[in-house]
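The values are calculated or read from the model by the stated rules, or taken from the named source; none is laboratory data. The structure presented is a predicted model; accordingly, all values stated were derived computationally and were not measured. Methodologically, a virtual Cβ is constructed for each residue, glycine included, from the backbone with ideal geometry; neighbour enumeration extends over all protein chains shown. With ligands, DNA and RNA removed, areas are computed over all heavy atoms of the protein, side chains included. Shrake-Rupley method; radii C 1.70, N 1.55, O 1.52, S 1.80 Å.
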Amino acid sequence: MTKRELIADLNPEAIVWDDFDDAIIGYDMREWRVIYDEAKMADILMERDGMTYEDAIDYLGFNVFCAYVGDYTPINVHIFNEDDIDE
């Protein structure tokens, strides 16, 4: 069973972003919304479309991350890495 199929079984109304299945990292256990890893989404655009990381993040920010498409709009997550944190 794919991640997309598993989520569809949990919530048939869940919305998924086309062409980003490899960036799915889980689901929200309260509303059964799909959760995507921002960096993995950028990686997909860089590999598929030859974008730079900055261009991919700009594209996603304008076309995906700010989109609201209903109650089951996916959640996009930025996972902290060492470069994000000052110690």
What is the number of the single condition among (1) part of a helix (DSSP H, G or I); (2) modelled with pLDDT of 95 or more that Asp83 does not meet? (2)
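Given the criterion open to solvent by 40 Å² or more (accessible area, probe 1.4 Å) and in contact with an Asp or Glu (Cβ under 7 Å, 6 or more places away or on another chain), identify the matching residue among Asn76, Asn63. Before you say what the answer is, go through the steps one by one.
Details: Asn63 fails: in contact with an Asp or Glu (Cβ under 7 Å, 6 or more places away or on another chain).
One residue alone meets the criteria, Asn76.
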For Val64, the lone unmet condition from (1) over 12 Å from the mean Cα position of the chain (by Cα); (2) part of a helix (DSSP H, G or I) is (1)
Find the residue count for the stretch 29-51, including only residues that are in contact with a strand residue (DSSP E or B) (Cβ under 6 Å, 6 or more places away or on another chain) and either surrounded by fewer than 10 Cβ atoms within 10 Å (Cβ to Cβ) or assigned to a helix (DSSP H, G or I) (or both). 1
Cβ-Cβ distance below 9 Å, separation of 6 or more or different chains: which pairs start in the stretch 24-36 with a residue that is within 15 Å of Asp9 (Cα to Cα) and end on one that is in a loop (DSSP other than H, G, I, E, B) and open to solvent by 60 Å² or more (accessible area, probe 1.4 Å)? Glu31/Asp71; Glu31/Tyr72; Trp32/Glu13; Trp32/Tyr72; Arg33/Asp71; Arg33/Tyr72; Val34/Tyr72
Specify which of the listed residues (Glu13, Glu54) is in contact with a Phe, Trp or Tyr (Cβ under 7 Å, 6 or more places away or on another chain) and either part of a loop (DSSP other than H, G, I, E, B) or surrounded by fewer than 16 Cβ atoms within 10 Å (Cβ to Cβ) (or both). Glu13
Could you give me the residue pairs with C-beta distances under 6 Å whose first residue belongs to the stretch 49-65 and is under 16 Å from His78 (Cα atoms), whose second residue is open to solvent by 50 Å² or more (accessible area, probe 1.4 Å) wherever it lies, and which are 6+ apart or on separate chains? Ala56/Met46
